[in-house]
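Only one structure is covered here, and it is reproduced in the block below.
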């Protein structure tokens, strides 16, 4: 089975200049945990996860006491918080290769790139892999 068979195609993305506030809104609105960061040519330049952004959510009481600090944190550009050293995979690779990368690098998702253009075409997460494993184990 190839990555293209199980990946989420055309994932929600952000730009490096987008704010933490926008990224948090996208993650929440789309109910996702990983947000690829792309440039104008849909080339992958980074990845940000809900875990990366947790420190930017102040407790409510702290936010009420220091609203300016909360605004400053939320206005931080993603370029300052994203992971720029990204593990990616080609859409033609098999599922075993994705499993190996997730295990080796202890990551939750892998951006999927088109082999010829380098353009972001999808994302595959451990949840996608678990769904396939569940179906195989259930005999579907």
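Of note:
- The requirement of being in contact with a helix residue (DSSP H, G or I) (Cβ under 6 Å, 6 or more places away or on another chain), at pLDDT 90 or above and part of a loop (DSSP other than H, G, I, E, B) is fulfilled somewhere in the stretch 19-42, by at least one residue.
- Qualifying residue in the stretch 95-105 (condition: within 17 Å of the chain's Cα centre (by Cα), free of Cβ contacts under 8 Å to residues at least 24 places away in the same chain and under 14 Å from residue 43 (Cα atoms)): no
- A count restricted to the stretch 16-25 and to residues that are surrounded by 16 or more Cβ atoms within 10 Å (Cβ to Cβ) and either within 13 Å of the chain's Cα centre (by Cα) or closer than 17 Å to residue 84 by Cβ (or both) stands at 5.
- The set of residues from the stretch 2-12 being part of a loop (DSSP other than H, G, I, E, B), surrounded by fewer than 17 Cβ atoms within 10 Å (Cβ to Cβ) and at negative phi comprises just one member, 12.
- When 107, 86 are checked against the criterion of being part of a loop (DSSP other than H, G, I, E, B), within 28 Å of residue 132 (Cα to Cα), out of contact with any strand residue (DSSP E or B) (no Cβ under 7 Å at 6 or more places or on another chain) and at pLDDT 90 or above, 107 stands alone in meeting it.
- Scanning the stretch 28-55 for residues that are under 13 Å from residue 74 (Cβ atoms) and buried (at least 19 other Cβ atoms within 10 Å of the Cβ) yields a count of 1.
- Selection from the stretch 111-140 of residues that are within 19 Å of residue 39 (Cβ to Cβ), free of Cβ contacts under 8 Å to residues at least 40 places away in the same chain and either touching a helix residue (DSSP H, G or I) at 6+ places or on another chain (Cβ under 7 Å) or surrounded by 13 or more Cβ atoms within 10 Å (Cβ to Cβ) (or both): 114
The values are calculated or read from the model by the stated rules, or taken from the named source; none is laboratory data. Nothing here was measured: the structure is a model prediction, and the numbers come from that model. Backbone-built Cβ (ideal geometry, glycine too); neighbour counts: all protein chains shown.
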